Amino acid sequence: MAVELSRGWHNWDPRYLKLAYLALGVGAVAYPFLANTYWIDVANFFGIYVLLGLSLNIIVGYVGLFNLGQAAFYAVGAYSTAILNTAFHIPVLWLLPLSGLLAALMGYLISRPILHLRGDYLCIVTIGFGEIMRITLNNNPFGLTGGPNGIMGIARPEILGFRLFQPHHYYYFIWLIVLLTVIALKRLENSRIGRAWHYIREDELAAAAMGIDVNRMKLLAFMLGAGLAGVAGNIYATKMTVIAPESFSFWESVVMFTIVVLGGPGSIPGVVVGTLCMVVLPELFREFAKARMLVFGLAMILMMIFRPEGLWPARRYREEIRSAKEELPAGQKPETLSGA
């Protein structure tokens, strides 16, 4: 169904599109009144991973750069929130933008020396950075991170004196941030920066020849993606009130990368669909826990063979894949991430 919708939803009558948005909004607002606590919590983690998928989508989907170390920026946001709140009692809501800024700063420091790398080489470096971050957190530098035990006692956020502590409180808080993020990214897509990222993904040399500062645009993408992951880390830390290094392992980066590729690189609806497949569907099939990873692996293989552009690809990306298939010799498959 998502495949069919992705082909034609841009061409819907504006009236029907507004009605669809209205129905989706009403359903989202009413959801906590219809679901039990467990499924509200699932929706909360769904929202957190949508934010993480959107953060990586800026780097992988918009610019076409491989990054398998996104969990490190997620950890920076979570640990900066935990340390500053537990040690200095700074309200966690104040730390929401600060955690994003610190993660963006880390993104700058890490990406600045490696911008000249591409493809597998960039991928290996980001994997190494993610593992360095995890090992550092485990080693408890200066007694700040708590080592393998992590940090406990993180405060809940308060808005105008109202303390968020129930799952449905977090539900509205998380999805409000997701909505604001989607609006901002949609405007960014259609801006001069978004078009520059698209040109870089298509052909870096041609983009540079057109006068685009390629390194600056790549650096900006890394910083924005890292900053958004840091914001998600802040939300996760305040939601759980306890964090540990095992929550930011290499597997988390793999999940984020799979969300982007499965849903469709460069597509905001694709990130939502990919997160649905990676976060919500496993909960539905929890009774078949021993076999679900086998089924998931088979599904990924079939996706790469029959639909490499993803379940809900961006319109531009879908047209690129289609034109690439027409130009390639019979039997040869196009690259799944152009420009990477």
Considering the alpha-carbon set of the stretch 109-170 alone, what are its Rg and its Dmax in angstrom? 18.3, 49
Hey, how many Å between the Cα centroid of the stretch 192-243 and the Cα centroid of the stretch 70-85? 18 Å
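When ranked by the protection proxy of mean other Cβ atoms within 10 Å per residue, highest first, what sequence do the peptides 89-98, 124-133 form? Mind dumping the intermediate values first?
Working: 89-98: 16.3, 124-133: 18.6.
So the order, starting with the most tightly packed, is 124-133, 89-98.
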Sequence-separation-based contact order of the stretch 193-313, relative, with Cα cut under 8 Å and 6+ spacing, percent: 20 percent
R0 = 22 Å: FRET efficiency of LEU176 with TRP94, Cβ-based, nearest 0.05? 0.80
Under 19 Å from a label point 7 Å along Cα→Cβ of MET152: give me every residue in the stretch 223-243 with its amide N that close. 237-243
Could you check the simple spin-label distance between ARG15 and ALA206, using points 7 Å along Cα→Cβ, in nm with one decimal? 4.1 nm
Which of the peptides 228-238, 151-161, 166-176 is most tightly packed, and how do the rest follow, going by the mean number of other Cβ atoms within 10 Å of each residue? 228-238, 166-176, 151-161
Scalar couplings 3J(HN,Hα) for the stretch 218-234 by Karplus 6.51 cos²θ - 1.76 cosθ + 1.60 (θ = phi - 60°), nearest whole Hz, x for Gly and Pro, are 5, 4, 5, 5, 4, 5, 5, x, 5, x, 5, 5, x, 4, 4, x, 4
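How much mean residue ellipticity at 222 nm does the chain get from its helices, if each DSSP H run of length 4 or more adds -39500 (n - 2.57) and you divide by all residues, to the nearest 500 deg cm²/dmol?
Details: 15 runs with 229 residues, N = 340.
The helix contribution divided over the chain gives -22000 deg cm²/dmol.
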Heavy atoms only, probe 1.4 Å: what % of the accessible area of the chain goes to carbon and sulfur, would you let me know? 67 percent
Could you order the peptides 269-281, 180-192, 244-256 from most to least packed, using the average number of other C-beta atoms within 10 Å per residue? 269-281, 244-256, 180-192
Stretchable slack from TRP39 to LEU117, in nm (0.36 nm times residue separation minus alpha-carbon distance): 23.9 nm
Which of GLY227, GLY310, HIS168, positive extreme of dipole for the chain (C-beta unit charges): HIS168
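Which of the three applies to the stretch 131-261, rounded, prolate or oblate, going by the alpha-carbon gyration tensor with a ≥ b ≥ c and a/c under 1.5 meaning rounded?
Numbers: a/c = 2.77, a/b = 1.54, b/c = 1.80.
Since a/c reaches 1.5 but b/c is at least a/b, the shape of the stretch 131-261 is classed as oblate.
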Under the Karplus curve 6.51 cos²θ - 1.76 cosθ + 1.60, θ = phi - 60°, whole-Hz ³J(HN,Hα) for the stretch 146-157, x wherever Gly or Pro sits: x, x, x, 6, x, 10, 10, x, 6, 6, 7, x
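For the chain, what's the relative contact order in percent, using C-alpha pairs closer than 8 Å and at least 6 residues apart?
On the way: 489 pairs, mean separation 106.8, N = 340.
That works out to 31 percent.
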Which ³J(HN,Hα) values, rounded to whole Hz and listed in residue order, are derived for the stretch 198-211 from phi using the Karplus coefficients 6.51, -1.76 and 1.60 in 6.51 cos²θ - 1.76 cosθ + 1.60 with θ = phi - 60°, glycine and proline given as x? 4, 5, 5, 5, 6, 7, 5, 5, 5, 5, 5, 5, 7, x
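Suppose R0 equals 25 Å; then what is the FRET efficiency for SER191 and PHE250 from their Cβ-Cβ distance, rounded to the nearest 0.05?
Numbers: r = 33 Å, r/R0 = 1.32.
According to the calculation, E is roughly 0.15.
Quick check: from the Cα gyration tensor, does the stretch 1-143 come out rounded (a/c under 1.5), prolate or oblate?
Details: a/c = 2.58, a/b = 1.39, b/c = 1.85.
Verdict is oblate for the stretch 1-143.
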Using the 2.2 N^0.38 Å rule of thumb for compact globular proteins, work out how the stretch 53-111 stacks up: its C-alpha Rg over that value, please. 1.24
Other-chain or far-sequence residues with amide H under 5 Å of LEU311's (modelled H): GLY263, GLY264
D (µm²/s, integer) via Stokes-Einstein for the chain, Kirkwood Rh across alpha-carbon pairs, 10 °C, 1.306 mPa s: value 76 µm²/s
So with the 1.4 Å probe, I'd like the accessible area per residue for the chain, rounded to whole Å². 51 Å²
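Quick one: putting +1 on the C-beta of Lys and Arg, -1 on the C-beta of Asp and Glu, what dipole do you get for the chain around its Cα centre, in Debye to the nearest 20?
About 440 debye.
The values are calculated or read from the model by the stated rules, or taken from the named source; none is laboratory data. Being a predicted model, the structure only gives us computed values, none of them experimental. Because the Cβ atoms are built from the backbone with ideal geometry, glycine has one as well, and the counts that use them run over all protein chains shown. Please note that ligands, DNA and RNA were not included when accessible areas were found on the heavy atoms of the full protein model with its side chains. Shrake-Rupley method; radii C 1.70, N 1.55, O 1.52, S 1.80 Å.
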